[in-house]
Amino acid sequence: MAQLNFGGVTEEVATREEFPLEKALEILKDETIAIIGYGVQGPGQSLNLKDNGFNVIVGQRQPSKSWDRAVADGWVPGVDLFPIEEACEKATIIQFLLSDAGQISAWPTIKKYLTEGKALYFSHGFGITFNDQTGIIPPDNVDVILVAPKGSGTSLRRKFLAGQGLNSSYAIYQDYTGKAKDRVLALGIGVGSGYLFETDFKKEVYSDLTGERGTLMGALAGILEAQYALLRRKGHSPSEAFNETVEELTESLILLVGENGMDWMYANCSTTAQRGALDWRHKFREAVEPVFEELYEKVASGEEAKRSIDTNSQPDYREKLEQELGEIHNSEMWQAGAQVRKLRPQHEGQKV
Ligand SMILES: NC(=O)C1=CN([C@@H]2O[C@H](COP(=O)(O)OP(=O)(O)OC[C@H]3O[C@@H](n4cnc5c(N)ncnc54)[C@H](O)[C@@H]3O)[C@@H](O)[C@H]2O)C=CC1
Ligand SMILES: CC(=O)[C@](C)(O)C(=O)O
Ligand SMILES: [Mg+2]
Ligand SMILES: [Mg+2]
């Protein structure tokens, strides 16, 4: 573990330098890792583990679209792709990567295969933290661990293929074997993490639900929609409203933030922009602070978990979500976006 300074606060983290892949492979050389669920994280984590040389199998419902996708990705039925129960039986480490709602109905099945010394791995603190709602209470004689990549499984895989990685948090809820820390860090490195920082199951789920409902997804969509609608109401064209709200952000400014921080992005904009943004950021922060407070409270009370479980446990949850995403997709703003994306200069070569 490395002691590193994060803005004046020292944290103990695992980096790829002092926890190299070879060490991870040695720790897990006698383990069979079963990835249960092949949705978004399942493909990313399982393919990265396989390419990194671990013993990994996939467990998935059959027949299903996800099963077909696993086959298309190179998993071979009867060799390294099995129905869920068979994969759980073969596994010494069960990576529970069904949707958080799906984990509830599959739990009685999974539980049967959690024999002494196995490890149960999550990528979210949801099931354990809200176990009054999920009923997920593991037996005492297994390790219960978590690696939560901070990004989509799609990006986890893409970054891996590009020789990069996403950072992940890790947590240990139960250390039965005395080897939980080695196991969790080795898995974290194996799935393609950048550096790994420690958390616990509750902190992971509170921060994760806040982040995705907040800045990363909910607030992001809301603030973009508000500015686009304002510009349209004031008579600006869709091109102008979309470029000034989204395209400039995703094609230019947010990339500069990612590269070298907020001040770097500001420094690469006009002094006119800097003056205005430095003033207005306070007003925006103050406006959203109460909303963030409300959000965190609803996460901590379990209300957000309840809403997610109630809706995502319905048989038609997928169709309903698709319908709501379709409304966004078909809105003027995002249709304008589709047109704008087609006109990006790098698309010119693809037209012929
Ligand atoms: N989507 C992402 O990139 C991230 C997800 N996570 C966490 O990783 C875990 C997996 O999430 P996703 O990959 O998004 O899951 P997902 O929503 O894509 O679902 C995974 C699989 O579960 C299957 N499934 C759903 N209900 C089922 C049931 N009752 N029985 C059997 N199979 C069922 C689905 O068909 C799908 O193949 C969750 O705990 C999630 O919070 C963490 C970080 C990012
Ligand atoms: C991608 C991720 O980490 C999220 C947004 O928290 C999620 O998909 O649940
Ligand atoms: Mg997350
Ligand atoms: Mg999440």
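Of Y195, S155, I94, which is farthest towards the positive pole of segment 90-212's charge dipole, taken about the Cα centre with +1 and -1 on the beta-carbons of Lys, Arg and Asp, Glu respectively?
The residue sitting most towards the positive pole is S155.
For the chain, what % of the accessible area comes from carbon and sulfur atoms, probe 1.4 Å?
Working: 10360 of 19350 Å².
Here it works out to 54 percent.
Provide the packing ranking of 128-140, 189-201, i.e. peptides ordered by the mean count of other C-beta atoms within 10 Å per residue, highest first. Don't jump to the answer; show the numbers that get you there.
Numbers: 128-140: 16.7, 189-201: 22.3.
Listed from highest to lowest mean packing, they are 189-201, 128-140.
For segment 214-344, with only Lys/Arg (+1) and Asp/Glu (-1) charged at the beta-carbon, what is the dipole magnitude about the Cα centre, in debye rounded to 20?
Details: 15 positive and 23 negative charges, 78 e Å.
Dipole about the Cα centre, nearest 20: 380 debye.
Using Cα-Cα distances under 8 Å and only pairs 6 or more residues apart, what relative contact order does segment 2-199 have, in percent? Walk me through the numbers on the way to the answer.
Details: 395 pairs, mean separation 48.5, N = 198.
Averaging sequence separation for qualifying contacts and normalising by length gives 24 percent for segment 2-199.
Ordered by residue, what ³J(HN,Hα) values in Hz, to whole numbers, does segment 192-200 give under the Karplus form 6.51 cos²θ - 1.76 cosθ + 1.60, where θ = phi - 60° and Gly and Pro are x?
Karplus values, whole Hz, x for Gly and Pro: x, 6, x, 9, 10, 10, 7, 8, 10.
Over the chain, what lengths in whole Å, largest first, do the semi-axes of the equivalent ellipsoid take, defined as the square roots of 5 times the eigenvalues of the alpha-carbon gyration tensor? Numbers along the way, then the final one.
Working: eigenvalues 285, 113, 98 Å².
Gyration-tensor ellipsoid for the chain: 38, 24, 22 Å.
Could you name the lysines whose alpha carbon sits less than 27 Å from that of K283, not counting residues in the same chain fewer than 8 places away?
K234, K298
Can you give the accessible area per residue of segment 14-148, in Å², using a 1.4 Å probe? List each step's numbers first, then the result.
On the way: 5400 Å² over 135 residues.
I get 40 Å² per residue for this part.
Report, to the nearest 10°, how far helix 100-112 tilts away from the longest principal axis of the Cα atoms in the chain, using its own Cα long axis and a range of 0 to 90°.
10 degrees
Compute the whole-percent fraction of alpha carbon pairs in segment 2-199 spaced more than 26 Å apart.
Values: 5203 of 19503 pairs.
Counting pairs separated by more than 26 Å, the tail of P(r) holds 27 percent.
Can you work out the accessible area per residue across segment 237-287, with the rest of the protein chains kept in place, probe 1.4 Å, in square angstrom?
Details: 3510 Å² over 51 residues.
Ligands and nucleic acids excluded, the figure is 69 Å² per residue.
Place +1 on the Cβ of every Lys and Arg and -1 on the Cβ of every Asp and Glu in segment 214-344, take the dipole about the Cα centre, and give the residue among A336, M262, G218 whose Cα lies farthest towards its positive end.
Ranked along the dipole, the leading option is A336.
Quick one: work out the % antiparallel among DSSP beta bridges in the chain, nearest 5. Present the calculation step by step, with values, prior to reporting the outcome.
Values: 13 of 35 bridges.
About 35 percent, rounded to the nearest 5.
Given bins 10 angstrom wide, list per bin the percent of all Cα-Cα distances in segment 214-344, short to long.
Taking all Cα pairs of segment 214-344, the binned fractions are 10, 29, 35, 21, 4, 0 percent.
May I ask for the angle, rounded to the nearest 10°, between helix 218-233 and the longest principal axis of the chain, with both axes built from Cα atoms and the value confined to 0 to 90°?
20 degrees
Given the peptides 218-224, 279-285, arrange them by the average over their residues of other C-beta atoms within 10 Å, most packed first. Working shown, then result.
On the way: 218-224: 14.4, 279-285: 10.0.
Those peptides, ordered most packed to least, come out 218-224, 279-285.
In degrees from 0 to 90, rounded to the nearest 10, what is the angle of the helix 271-300 Cα long axis to the longest principal axis of the chain?
That works out to roughly 40 degrees.
Taking Cα pairs under 8 Å and at least six residues apart, what relative contact order does the chain come out at, in percent? Write down the numbers at each step before the final one.
Numbers: 493 pairs, mean separation 51.3, N = 352.
Relative CO of the chain lands at 15 percent.
Dipole magnitude of the chain about its Cα centre, charges +1 at Lys/Arg Cβ and -1 at Asp/Glu Cβ only, in debye to the nearest 20?
Numbers: 37 positive and 51 negative charges, 145 e Å.
Magnitude of the dipole: close to 700 debye.
In deg cm²/dmol, rounded to 500, what helix-only [θ] at 222 nm does the chain give when every DSSP H run of at least 4 residues adds -39500 (n - 2.57) and the total is split over its residues?
Numbers: 19 runs with 190 residues, N = 352.
Rounded to the nearest 500, it is -16000 deg cm²/dmol.
Go through segment 137-144 residue by residue and turn each phi into a ³J(HN,Hα) via Karplus (6.51, -1.76, 1.60, θ = phi - 60°); whole Hz please, and just put x for glycine and proline.
10, x, x, 6, 9, 10, 7, 10
Show the residues, 5+ positions off or on another chain, whose built amide H is closer than 5 Å to the amide H of V142.
For V142, whose amide H was placed from the backbone, the distant partners under 5 Å are G117.
Report the label-to-label distance for E18 and L255 in nanometres (one decimal), using points 7 Å from each Cα along the Cα→Cβ vector.
Distance between label points: 3.6 nm.
Kindly provide the GluC sites (Glu not before Pro) of segment 64-129 that DSSP labels as loop, not H, G, I, E or B, and whose Cβ sees at most 15 other Cβ atoms within 10 Å. Walk me through the numbers on the way to the answer.
Details: sites: E85, E86, E89, E116; in loops: E116.
Taking segment 64-129 and a limit of 15 other Cβ atoms within 10 Å, the loop GluC sites (Glu not before Pro) found are E116.
With all pairs of different alpha carbon atoms counted, what Kirkwood hydrodynamic radius in Å does segment 290-352 show? Display every interim value, and only then the final one.
Values: mean 1/r = 0.0659 Å⁻¹.
One decimal place: 15.2 Å for the Kirkwood radius.
The values are calculated or read from the model by the stated rules, or taken from the named source; none is laboratory data. Nothing here was measured: the structure is a model prediction, and the numbers come from that model. In this analysis, Cβ positions are derived from the backbone assuming ideal geometry, glycine residues included, and neighbour counts consider all displayed protein chains. Each accessible area value is taken on the protein alone, full model and side chains, heavy atoms only, with ligands, DNA and RNA left out. Shrake-Rupley method; radii C 1.70, N 1.55, O 1.52, S 1.80 Å.
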